[in-house]
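For reference, the structure discussed in these notes is given below.
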Amino acid sequence: MRLTTLTLALFPMAAIAAGGGSEVAPAPSETTTTCAEGLVWDIATQSCMDPAESSNDDSARLKDVRELAYAGYYQAALDVLDTLENPQAPLALTYYGFAHRKADRVELGMAYYTAAIDADPDNLLARSYMGQGHVASGEMVLAQAQLTEIRMRGGRDTWAEASLMQAISTGVGRSY
């Protein structure tokens, strides 16, 4: 979903995407432009590989996860997550939640968000995505509770706040 001029005017921080704080959507890399579905670009060999065989570190793998999830390849994103050295890291748990929720496994996604928040109560990304899941389920009180938590935990004027505010006001969450 592209950000419209109106959206940017109303929510200027909506331009900052979840994850590493980069702007808008992740830039396509070889993982989505060159590799066949289910493969990732291995930095060391400069070739497409099965995620389990890739020598990429967790940071590079998480970039692939974000890119794949944004492109709608939720199972491929989950497959890469399964290869992480630390799949219990709060960001990994957050991405597990996102991929499962977007793949219509909402309860499982929400369980991962809960685990991410339990691991790091200040995980604003997980709180925003969880709130967006609540919006999608029509649970506006729970969505508003996550927005309040984001603000109480220093998340004013962040992508997490703007994105969840937009979801609450429009009834539609972000795709990244």
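Bear in mind these aren't lab numbers, they're just calculated from the coordinates by the rules spelled out. On a predicted model such as this, the values are computed, not experimentally measured, just so you know. All Cβ positions, even for glycine, are placed from backbone atoms using ideal geometry, and neighbour counts span all protein chains on display.
Spin-label model, V172/D120: points 7 Å from Cα along the beta carbon direction are separated by 3.0 nm.
In the range 5-170, Cα pairs under 8 Å separated by at least six residues give a relative contact order of 18 percent.
Taking amide H positions as modeled 1.01 Å from N, with prolines and chain starts lacking one, the residues under 5 Å from S47 and 5 or more places away or on another chain are D42. The Rg/Rh ratio of the range 5-170, with both radii computed over alpha carbons and Rh defined as the Kirkwood radius, is 0.98. Applying 1/(1 + (r/R0)^6) with r as the Cβ-Cβ distance of A44 and A136 and R0 = 41 angstrom yields a FRET efficiency of 0.55.
The string of couplings for the range 48-62 from the Karplus curve (6.51, -1.76, 1.60, θ = phi - 60°) is 7, 9, 4, x, 5, 9, 5, 8, 4, 7, 4, 4, 5, 5, 5 Hz, one whole number per residue in order, with x for Gly and Pro.
Spin-label pair T34-N86: with each label point 7 Å from Cα along the Cα-Cβ axis, the two points sit 2.9 nm from one another. 3J(HN,Hα) along the range 155-164, derived from phi through the Karplus expression 6.51 cos²θ - 1.76 cosθ + 1.60 where θ = phi - 60°, amounts to x, 5, 6, 10, 4, 4, 5, 4, 5, 5 Hz, with x in place of Gly and Pro. For the range 27-40, putting each phi into the Karplus relation 6.51 cos²θ - 1.76 cosθ + 1.60 with θ = phi - 60° gives couplings of 5, x, 10, 4, 4, 9, 9, 10, 6, 5, 4, x, 10, 10 Hz, in residue order, rounded to whole numbers and with x for Gly and Pro.
Computed from the Cα positions only, the extents of the range 98-176 along the three principal axes stand at 30, 30, 22 Å, in decreasing order. Charging the Cβ of each Asp and Glu at -1 and of each Lys and Arg at +1, and nothing else, the dipole of the range 5-170 about its Cα centre rounds to 680 debye.
Here r is the Cβ-Cβ distance between Q144 and A52 and R0 is 35 Å; the resulting FRET efficiency, rounded to 0.05, is 0.30.
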